[in-house]
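So the structure is just underneath, and the comments pick up after that.
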Amino acid sequence: MKNDPRIIKTINKLEKAFVMLLKIYDVSDINVRQISDEAGVTRGAFYSHFSDKKEFLEFTMESLIQELLKPSLKDSADYVEETKHENAHQANVLSLTEIFNHVAENYQAYTVVMGSDRLPSFNQTLKKRLMEEFEKFADYYDDEIDLGGFPFEVLSSFYVNGIVGMIKVWLEKGMMYTPHYMANAAKQVLDSKESVKANNLKLTDFFVV
């Protein structure tokens, strides 16, 4: 039912209204009436799609994260050099260029949900989703990745937190650098943290420009 164009239009209005309200209020101070009024729809319309604010919040966060990751996750077979894996499409890499570009194109929404502390659960949920994709990449190329003797959990936490942190600070500072600059800077910083043997994959090969 949520694929109905009329429903999509209503939900988009509600999501945009919620983001607008987050510019002023903490998430705990926003209620369904405020969201409905800001969106210009009835509370009945809200409740026809969501049972309560919690369900709406979870749906909205998932929607924003999906919009961010869908263009940013790429088939690893197209990026891992000389891959001999027939099923490499089962693992993705993360395009830093795409993720910074998408944030820039939708900076008003992401400044609110990522660059402020009004919705702290958003960044945590994004990190969780990124970690899931990172784990798939590491599991698939397990035999070829040199971790330098460090546990995957330690390195992956460092990298994922670092990327999300860079985006957050970039937004807080008014995006004073271009998305292209940020993507290349992030890749250089990530690669500088790993020294591996020749012909081995790096864990940071999950991140591409």
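The values are calculated or read from the model by the stated rules, or taken from the named source; none is laboratory data. Keep in mind that what you see is a predicted model, and the values were worked out from it rather than measured. When we count neighbours, we look across all protein chains shown, and the Cβ atoms used for this are built from the backbone with ideal geometry, even at glycine. Areas reflect the complete protein model, heavy atoms only, side chains present, ligands, DNA and RNA absent. Shrake-Rupley method; radii C 1.70, N 1.55, O 1.52, S 1.80 Å.
Among the residues of region 163-201, those that are modelled with pLDDT under 95, assigned to a loop (DSSP other than H, G, I, E, B) and of a type in the set (S, T, N, Q) comprise Ser195, Asn199, Asn200.
If you check Phe122 against the conditions, is it assigned to a helix (DSSP H, G or I), out of contact with any Ser or Thr (no Cβ under 8 Å at 6 or more places or on another chain) and surrounded by 15 or more Cβ atoms within 10 Å (Cβ to Cβ)?
Answer is yes for this residue.
Could you grab me the full set of residues in region 130-140 that are within 17 Å of the chain's Cα centre (by Cα) and surrounded by 18 or more Cβ atoms within 10 Å (Cβ to Cβ)? If the condition is that a residue be within 17 Å of the chain's Cα centre (by Cα) and surrounded by 18 or more Cβ atoms within 10 Å (Cβ to Cβ), then Leu130, Glu133, Phe134, Phe137 are the ones that fit.
Within region 141-162, being crowded, with 19+ Cβ neighbours inside 10 Å, assigned to a helix (DSSP H, G or I) and among the aromatic types (Phe, Trp, Tyr) holds for one residue alone: Tyr159. Select from region 102-117 the residues that are open to solvent by 20 Å² or more (accessible area, probe 1.4 Å) and either part of a helix (DSSP H, G or I) or closer than 13 Å to Thr60 by Cβ (or both) and list them in ascending order. Listed by number, the residues that qualify are His102, Ala104, Glu105, Tyr107, Gln108, Ala109, Thr111.
Of everything in region 78-101 that is assigned to a helix (DSSP H, G or I) and open to solvent by less than 40 Å² (accessible area, probe 1.4 Å), the residue that is modelled with the lowest pLDDT is Ala88. When region 24-65 is filtered for residues that are more than 23 Å from Arg129 (Cβ to Cβ), open to solvent by less than 20 Å² (accessible area, probe 1.4 Å) and among the hydrophobic types (A, V, I, L, M, F, W, C), the ones remaining, listed by number, are Ile30, Val32, Ile35, Ala39, Phe46. Close contacts from region 179-203, counting a first residue that is closer than 25 Å to Lys136 by Cβ and open to solvent by less than 70 Å² (accessible area, probe 1.4 Å) and a second that is of a type in the set (Val, Ile, Thr) and modelled with pLDDT under 80, with Cβ to Cβ under 8 Å and a gap of 6+ residues or different chains, come to Lys202/Val196.
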